[in-house]
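**Student:** Before anything else, here's the structure in question.
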Amino acid sequence: MNTPFTHQPPRRAPGMAPGAPGYLWGLVGVMAVIEALLGLSDAGYLLPEGLRWSAFALGAFWQPLLSGQVAPIYPGQTVVMFISYAFLHGGLAHLALNSVVLLALGKLATVRIGMKRTLAVLALSAVGGALAFGLLSTGGVPMIGASGAVFGLLGLWQAWDYRMRKRMGQPLKPVLTTILALIVANVVFFVILSGGLAWEAHLGGWLVGWIAGQSFARS
């Protein structure tokens, strides 16, 4: 959002402390504890070893489970996995990347639309990312990570930018350029990771965030 130039630093929303809000740190903390436990199990410091794959079996998003090709391990798994997958990661680098973006964009979203609507965007984007992965993916590899929710925040931010520019009669090219950059980045990492990138979840999460930014999460 454009604001007049001033020599004073931008004001925070009332009651907003410096840094990301506590509830975002809480989400990151839960993901970090899970990853720490799985990492210790991987290294043999925590029994049972192989805990990561047990966690994936119980909490990752499985397309064959959604399509009915395999039976759930526990009642409700087909529903739970639409959210639980977002709390599981493939390592510290995976967790760190998602956490940094979540904290940065989540703080901006909280300032503009508050905690409740930001949480709604995160949850719906995670579900949307899982749904897109389930509909578009043809493999049996489990999907994990908070990137569906993170891309929801990216879509939300770009929807705000689009609305502001359209309202003020400013060029829309920067928005389109940013979207194109996201597409290119996904293609590049898809190639680098030899297909090990859930672009479907990124797409689904982004679309949910964009729709939210045009509707209930308008700023």
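**Student:** Looking only at residues that are more than 20 Å from the chain's Cα centre (by Cα) and hydrophobic (A, V, I, L, M, F, W, C) in the range 176-202, which one is surrounded by the most Cβ atoms within 10 Å (Cβ to Cβ)? Walk me through it before giving the result.
**Tutor:** Residues of the range 176-202 more than 20 Å from the chain's Cα centre (by Cα): 176-177, 191-192, 194.
Right, trim to hydrophobic (A, V, I, L, M, F, W, C) and you get 176, 191-192.
Details: L176: 12, V191: 10, I192: 10.
In this case the residue turns out to be L176.
**Student:** Would a scan of the range 154-170 turn up a residue that is modelled with pLDDT of 95 or more, within 30 Å of A55 (Cα to Cα) and acidic (D, E)?
**Tutor:** No, the range 154-170 has no match at all.
**Student:** Further question on the same structure: From the list L153, L135, L122, pick out the single residue that is closer than 25 Å to L197 by Cβ, in a helix (DSSP H, G or I) and touching an Asp or Glu at 6+ places or on another chain (Cβ under 8 Å).
**Tutor:** Numbers: L153 fails: touching an Asp or Glu at 6+ places or on another chain (Cβ under 8 Å); L122 fails: touching an Asp or Glu at 6+ places or on another chain (Cβ under 8 Å).
Answer to the selection: L135.
**Student:** Would you check if there is a residue in the range 158-171 being within 27 Å of I144 (Cα to Cα) and either among the aromatic types (F, W, Y) or touching a Phe, Trp or Tyr at 6+ places or on another chain (Cβ under 7 Å) (or both)? It would help to see each step written out before you state the result.
**Tutor:** So in the range 158-171, the residues within 27 Å of I144 (Cα to Cα) come out as 158-159.
With either among the aromatic types (F, W, Y) or touching a Phe, Trp or Tyr at 6+ places or on another chain (Cβ under 7 Å) (or both) added as a condition, the list becomes 158-159.
Taking every residue of the range 158-171 in turn, at least one turns out to be within 27 Å of I144 (Cα to Cα) and either among the aromatic types (F, W, Y) or touching a Phe, Trp or Tyr at 6+ places or on another chain (Cβ under 7 Å) (or both).
**Student:** Is there any pair with a first residue in the range 100-124 that is surrounded by fewer than 16 Cβ atoms within 10 Å (Cβ to Cβ) and a second that is among the charged types (D, E, K, R) and outside any helix (DSSP H, G or I) whose Cβ atoms are under 9 Å apart and which are 6 or more apart or on different chains, and what are they?
**Tutor:** These pairs meet every condition: V111/R12.
**Student:** Something else: Residue by residue through the range 139-176, note down the ones that are more than 19 Å from R112 (Cα to Cα) and of a type in the set (S, T, Y).
**Tutor:** S147 - this is the single residue of the range 139-176 that is more than 19 Å from R112 (Cα to Cα) and of a type in the set (S, T, Y).
**Student:** Restricted to the range 60-89, and to residues that are touching a residue at least 40 places away in the same chain (Cβ under 8 Å) and under 20 Å from G29 (Cβ atoms), which residue is surrounded by the most Cβ atoms within 10 Å (Cβ to Cβ)?
**Tutor:** A86
**Student:** Criterion first (surrounded by 15 or more Cβ atoms within 10 Å (Cβ to Cβ) and at pLDDT 95 or above) does A57 satisfy it? First the steps, then the outcome.
**Tutor:** Details: surrounded by 15 or more Cβ atoms within 10 Å (Cβ to Cβ): no; at pLDDT 95 or above: yes.
The answer is no for A57.
The values are calculated or read from the model by the stated rules, or taken from the named source; none is laboratory data. All values reported here derive from a predicted model rather than from experimental measurement. Cβ sites come from the backbone with ideal geometry, for glycine too, and all protein chains shown count toward neighbours.
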